[in-house]
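The structure appears below as structure tokens.
The values are calculated or read from the model by the stated rules, or taken from the named source; none is laboratory data. Source: prediction; values computed, not measured. When we count neighbours, we look across all protein chains shown, and the Cβ atoms used for this are built from the backbone with ideal geometry, even at glycine. For accessibility, only protein heavy atoms count, side chains too; no ligands or nucleic acids. Shrake-Rupley method; radii C 1.70, N 1.55, O 1.52, S 1.80 Å.
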Amino acid sequence: MKLINDFFTVTEIDDSQEDLKFKIRMNPAHPIYQVHFPGNPITPGVCLVQMAEEILENRYQRRLMLQTAVNIKFKMPIGPEDCPWFVFNKVEFSDEVLSVRISIEADGKQYAKMSLRYNIAE
């Protein structure tokens, strides 16, 4: 199930510097927030990983398959009303692999960080 343009949308892109930045707006009415958790909705960590993949797939127009997720740290919960930036740094392509470090942040706070490695599917 794709999350982009349903669970979340990209509202702004900043690629003017070395890092790629994508500002995200969540859909508070999405069914995921009705069950995770009722009365205190929080964006599931697995959704954050999937969101990163879909942003990268759209950016590079390649189909990606998560190979390895290392050093994932969820520091603060992200609610449906938050509009964080997905900051992609250290994006490296080698052979059929894409490696990237991601920080999810807003207003000087870091919500999560992760290092992900994808196989590039043709």
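Is it the case that segment 29-38 has a residue that's surrounded by fewer than 16 Cβ atoms within 10 Å (Cβ to Cβ) and of a type in the set (A, V, I, L, M)?
Yes; the residues of segment 29-38 include at least one that is surrounded by fewer than 16 Cβ atoms within 10 Å (Cβ to Cβ) and of a type in the set (A, V, I, L, M).
Which members of segment 88-105 meet the condition of being without any contact (Cβ under 8 Å) to a residue 60 or more places away in the chain and not acidic (Asp, Glu)?
90, 93, 94, 97, 98, 99, 100, 101, 102, 103, 104, listed by residue number.
Hey, can you tell me all the residues within segment 1-25 that are of a type in the set (S, T, N, Q) and open to solvent by less than 60 Å² (accessible area, probe 1.4 Å)?
Filtering segment 1-25 for residues of a type in the set (S, T, N, Q) gives 5, 9, 11, 16-17.
Matches in segment 1-25: 9 only.
So residue 42 clears everything in (1) part of a loop (DSSP other than H, G, I, E, B); (2) without any contact (Cβ under 8 Å) to a residue 24 or more places away in the chain except one condition, right? Which one?
(2)
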